[in-house]
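Reviewing the structure listed below.
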Amino acid sequence: QVQLVESGGGLVQPGGSLRLSCAASETISSIFPMGWYRQAPGKQRELVATVTTNANTKYADSVKGRFTISRDNTEKTVYLQMNSLKSEDTAVYLCYTKIYAINYWGKGTLVTVSS
C-alpha cells in the first residue's frame, strides 16, 4: 500500500513563500496523478493542484499564478511551491495519488498564513 508523507508546512506572513514536499513510499508511475488538496477549518476539502507528467498540470483558480506543482519520480516526491501567500491559503494541505481508481492520502501538513 502506498504511503504518502508531507512536510514543509508552517507559519508564514502574508506575501511569503513555502515549499511543501510529499514523499511516496514507492515510485508512482507518471500516468497516475499526484497532487495536493487542502482543507480549511469549517470548509470542504478542495483541490489545489495536480500533476501527471510535469507538462500536464491543473490548478485551482484561486492559486493560479502563485503556486507551482512539480514532480520528481526518481525521488518519488511531489512538490508544491507556494508564493504570494494569502490568509485564505491557511489550511491543512494533503498529498494524494490515485492508482487504478484507489485514492491514497497523506496525513497533511498545516500551513498558516498570518501576520
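Quick notes on this structure:
- Segment 1-15, residues that are open to solvent by less than 60 Å² (accessible area, probe 1.4 Å), farther than 24 Å from residue 58 by Cβ and assigned to a loop (DSSP other than H, G, I, E, B): 15
- Residues of segment 71-115 that are more than 24 Å from residue 14 (Cβ to Cβ) and among the aliphatic types (A, V, I, L, M): 78, 99, 101, 102.
- Residues of segment 1-37 classified as touching a Leu at 6+ places or on another chain (Cβ under 8 Å), more than 16 Å from residue 83 (Cα to Cα) and not aliphatic (A, V, I, L, M), total: 6
- Residue among 68, 52, 77, 57 that alone is touching a Cys at 6+ places or on another chain (Cβ under 8 Å) and surrounded by 14 or more Cβ atoms within 10 Å (Cβ to Cβ): 77
- For segment 16-115, the strands (runs of 3 or more DSSP E) that sit wholly inside it and include 1 or more residues that are touching a residue at least 24 places away in the same chain (Cβ under 8 Å) and not charged (D, E, K, R) are 18-24, 34-39, 46-51, 67-72, 77-82, 91-99, 102-105, 109-113.
The values are calculated or read from the model by the stated rules, or taken from the named source; none is laboratory data. Keep in mind it's a predicted model, so treat the numbers as computed, not measured. Every residue, glycine among them, receives a Cβ derived from its backbone with ideal geometry; neighbour counts consider all protein chains shown. Note: areas computed on protein heavy atoms with side chains; ligands, DNA, RNA excluded. Shrake-Rupley method; radii C 1.70, N 1.55, O 1.52, S 1.80 Å.
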